[in-house]
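The values are calculated or read from the model by the stated rules, or taken from the named source; none is laboratory data. Note that the structure is a prediction, hence the values are computed from the model and not measured. So basically every Cβ, Gly included, is an ideal-geometry build from the backbone, and we count neighbours across all protein chains shown.
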Amino acid sequence: MTREARVAINREPDIIVARQQGRDISAELGFSPGDLALIATAISEITRNVIAYATRGEMTMRVVQDGTRRGVEIVVQDEGPGIADLPQAMQDGYSTGGGLGLGLPGARRLMDDFAIESTVGRGTRVVMRKWMK
């Protein structure tokens, strides 16, 4: 399976499109209903941050394989202001936008692999993977 999806994240409704694309690809791969919910929630959290902080970005998703493991990889990238203090941003409860501060650390807990890179003035890139059990 070489299924991929690309969704521009510019407005609130794009979050729903990204979630649905994520669920569809993950379901085709055979993820459990519980894992489908985790994947969709992680996508929601990260794409919502794009709308809140960067106003626009993009999510790409693809099926990945590592040896005998198969899974999905989600990359969310924006050209926003970047995150000045990543360690602080990854702490539960920290928010610069008045939210609950659970988006980034929550998404990290929901996925098997999670990496984030951010450069102030250039943007942020999050790479998440969920592996089939």
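Can you work out which of the residues in region 63-77 that are loosely packed, with under 15 Cβ neighbours inside 10 Å and polar (S, T, N, Q) is farthest from Arg122 (Cα to Cα)?
Taking the candidates together, the pick is Thr68.
If a residue has to be free of Cβ contacts under 8 Å to residues at least 40 places away in the same chain, within 21 Å of Gln65 (Cα to Cα) and hydrophobic (A, V, I, L, M, F, W, C) to count, how many in region 9-36 make the cut?
2
For region 41-62, give me the residue count where each residue is at pLDDT 95 or above and surrounded by fewer than 18 Cβ atoms within 10 Å (Cβ to Cβ).
Of the residues in that region, 2 qualify.
Report yes if some residue within region 21-30 is small (Gly, Ala, Ser) and surrounded by 16 or more Cβ atoms within 10 Å (Cβ to Cβ); otherwise report no.
Yes, the conditions are met somewhere in region 21-30.
Evaluate the following for Val7: is it more than 22 Å from Met132 (Cβ to Cβ), surrounded by 19 or more Cβ atoms within 10 Å (Cβ to Cβ) and at pLDDT below 95?
no
Which pairs do you get when a residue that is within 20 Å of Ile39 (Cβ to Cβ), found in region 53-73, comes within reach of a residue that is surrounded by fewer than 19 Cβ atoms within 10 Å (Cβ to Cβ) and among the aromatic types (Phe, Trp, Tyr), reach meaning Cβ atoms under 8 angstrom, with the pair 6+ apart or on two chains?
If the second residue must be surrounded by fewer than 19 Cβ atoms within 10 Å (Cβ to Cβ) and among the aromatic types (Phe, Trp, Tyr), the pairs left are Asp66/Trp131; Arg69/Trp131; Arg70/Trp131; Gly71/Trp131.
Which condition does Glu28 not pass, out of (1) outside any helix (DSSP H, G or I); (2) touching a Lys or Arg at 6+ places or on another chain (Cβ under 8 Å), if it passes all the others?
Against the list (1) outside any helix (DSSP H, G or I); (2) touching a Lys or Arg at 6+ places or on another chain (Cβ under 8 Å), Glu28 comes up short only on (1).
Let me confirm something: among Gly93, Gly97, Gly101, Gly80, which residue is part of a loop (DSSP other than H, G, I, E, B), surrounded by 16 or more Cβ atoms within 10 Å (Cβ to Cβ) and at pLDDT below 90?
None of the other options fit; the residue is Gly101.
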